[in-house]
1. Indicate the gyration tensor shape class of the stretch 3-63 (rounded, prolate or oblate), computed on the Cα atoms with a ≥ b ≥ c the square roots of the eigenvalues: a/c under 1.5 is rounded; otherwise a/b larger than b/c is prolate and the rest oblate.
2. Using 0.36 nm per residue, how much length does the chain from residue 76 to residue 59 gain when fully extended, once their Cα-Cα distance is taken away?
3. Separation between the residue 154 and residue 11 pseudo-spin-labels, each 7 Å from Cα along Cα→Cβ, expressed in nm?
4. Springs between alpha-carbon pairs under 10 angstrom, Gaussian network model over the chain: which of 165, 96, 185 fluctuates most?
5. Using Cα springs under 10 Å in a Gaussian network model of the chain, which residue among 186, 208, 118 shows the largest mean-square fluctuation?
6. Could you work out the relative contact order of the chain? I mean the mean sequence separation of Cα pairs under 8 Å and 6+ apart, divided by the number of residues, in percent.
7. Which order results if 217, 66, 30 are arranged by neighbouring Cβ count within 10 Å, fewest first?
8. For the stretch 81-217, how big is Rg over Rh, using alpha carbon atoms and the Kirkwood form of Rh?
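Each reported figure results from applying straightforward, stated rules to the coordinates on display, with no laboratory input. What you see is a predicted model; the values in this text were computed from it and never measured. A quick note on method: Cβ atoms are made from the backbone with ideal geometry, for glycine too, and the neighbour counts reach across all protein chains shown.
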């Protein structure tokens, strides 16, 4: 993949996250100061590689799970360790986590803050329970207007806690995109979770579940920061 193709893929992913409709060549041509024909040629190569798809004959393009995976990998590779978090989100999370209180309430506050900042469903393990907040955010997304899709998401949520317990992801930050999810492969969701140590377990988890169409850079930043803050406060 050329550098320009990678840049176009990133632009498609970021624009699609904002507008929830296929991204056309005219918009990208203006952004990259090239002709629409040049962009269409690059998009055709990306489509042949399986990174984007054309939902309708006359429509623009949307990212595929493969395209999202490349994008997320680049985010991780380009900024190893701590990714810069938006200052407002960082302050909000830190304030909620450091405000004191019982560990359970502290984790719940962190989840509720993630819900407010990402507009996704927020989740966390608290002992043997899975705390969830923001269901209306999740099912309010345009991807989930069909009954079959809602059922697939509900099945994923039903099986999320036992899967976390059995799989026990060991990375500080894990991202499961679309069909990569071991459960709910057809749900069209991405799970972003951070492992942290707490009084409840050495492998507690906090994260978000949202459509594959989301702002991965922002969500990954915030979830990572939430895990780090919780571990610092609860495991001190």
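1. It is rounded, given that a/c, with a ≥ b ≥ c, falls under 1.5.
2. The residue 76-residue 59 span can extend by a further 3.0 nm.
3. My value for the distance between the label points is 4.2 nm.
4. Residue with maximal mean-square fluctuation among 165, 96, 185: 165.
5. Greatest mean-square fluctuation among the candidates belongs to 186.
6. In percent, rounded to a whole number, it is 19.
7. 30, 66, 217
8. Using Cα coordinates only, the ratio equals 0.95.
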